[in-house]
Structures are given as C-alpha cells and as structure tokens.
Amino acid sequence: NNGHTAAWDIRICDDDSFILAGETLDESVPGFHKNGANEDIIVQKMDSDFNITWSKAFGGSGADIGRFIFPTNNGGFVLFGNVVSDNGDVEDNHGTGMNTNDIWAAKINSSGEIEHQNCIGGSWHERLSSVILTLDKGYLLIGNTTSDDGDVIGFCESGFVPGLEDLFIAKLDSSLNT
C-alpha cells in the first residue's frame, strides 16, 4: 500500500469470494487518477482466503468515495459512492464545483470495467447514507441533500446552508435509471 486506503463496504459473492468498496490515495492501484490529496474510489476483488485477485480505482480529479457494492447475477457488481469529479470515470455530475457531491451508481463487470454509470443529484450536495436492494432487483438510495434541482424534487430551501439538509430518497431500477 502506497497511500491511505479505507474500506466502506464488503460483500460475499456467490463463489465465496469477496468484493470491497472504499477510497484510496494509493497511486499504484490500476486506474488511479493523480489528483493531489483527493481520493479515488477503490474496488477490490478477493478470493475466499482474502487474497486480492484484482484492484481498480474509479473517479476523476475530485474526492470520490465508494460507499456500497452489490454483486449481480451475471458476475458483475453495482457500485455506489459519493463523487465530486465530473471527469475521468464520472460523467454528468450535477454539481457546480469542487465542494459539491453527487451520488454515483456504476455497473462494473467481473473484471472491474465500467459498463454503465449514472450521477444522481442536483447542483449542490448529495450524500449517500444507505442503499438497499429492492424486491424488483432495483435499488433504494437514502441520503441527504442541499439541492433543489436536477434529480431533487421538493427541497424547501435553495443552495447550500451548513447544517440545513433535507432527506433524499431515490429509487433506481436494475439498469440504474431513476
């Protein structure tokens, strides 16, 4: 390890292996974006003895953190995180600057390559707190927001005010669309 790495979620896969999501500053991780003091998302696949079989970094020039990961039926994974970036691996971030987050959802294949991604949020700050798998194989996202535009409907104030956040709930289908 050549830098800070932290895990936020780990899941067991059908073959008794493990998949982990978190954040890293380790420039030796394949796909790492040299972005100063800003983290990239890290995903690590481990065998049943916790030996790392592959690692991959996702993100861009901003601070990006992987929060939740779910194995899928086809051997791939669905990754959720908080992203500031709007470059590199992250497309269509609704944020207006380096102090704003979107929630990022990405489908990755069994080798760690992005198949599809979606940014969810508005022009200010969304923070993901929890994700649950729904009965229809979609995902329910729960978090907080300070936005009143984009994918956010019904927030009673406009713009970022420290300490003033609203509950944010979004339902994604299995293709990660709202």
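The values are calculated or read from the model by the stated rules, or taken from the named source; none is laboratory data. Everything numeric in this text was worked out from a predicted model, so none of it was measured. Cβ: placed from backbone, ideal geometry, glycine included. Neighbour counts: every protein chain shown.
State all residues of segment 98-118 that are of a type outside the set (D, E, K, R) and under 16 Å from residue 40 (Cβ atoms); if no residue qualifies, say none.
The initial filter retains those residues of segment 98-118 that are of a type outside the set (D, E, K, R), namely 98-101, 103-106, 108-112, 114, 116-118.
Scanning segment 98-118 gives 98, 101, 104, 106, 108, 112, 114, 117.
Scan segment 64-91 residue by residue and report those that are buried (at least 24 other Cβ atoms within 10 Å of the Cβ), β-branched (Val, Ile, Thr) and either part of a loop (DSSP other than H, G, I, E, B) or touching a Lys or Arg at 6+ places or on another chain (Cβ under 7 Å) (or both).
69, 84, 90
Quick check on segment 42-60. Is at least one of its residues farther than 21 Å from residue 109 by Cα, modelled with pLDDT of 95 or more and assigned to a loop (DSSP other than H, G, I, E, B)? Steps first, answer last, please.
Going residue by residue through segment 42-60, those that are farther than 21 Å from residue 109 by Cα are 49.
Add one more test, that the residue is modelled with pLDDT of 95 or more, and what stays is 49.
Still in the running and assigned to a loop (DSSP other than H, G, I, E, B): 49.
Yes, some residue in segment 42-60 is farther than 21 Å from residue 109 by Cα, modelled with pLDDT of 95 or more and assigned to a loop (DSSP other than H, G, I, E, B).
Please enumerate the residues belonging to segment 62-109 that are closer than 20 Å to residue 173 by Cα and small (Gly, Ala, Ser).
Result: 66, 75, 76, 81, 105, 106.
Does segment 6-37 hold any residues that are modelled with pLDDT under 95, in contact with a Gly (Cβ under 6 Å, 6 or more places away or on another chain) and crowded, with 19+ Cβ neighbours inside 10 Å, and which are they?
25, 33
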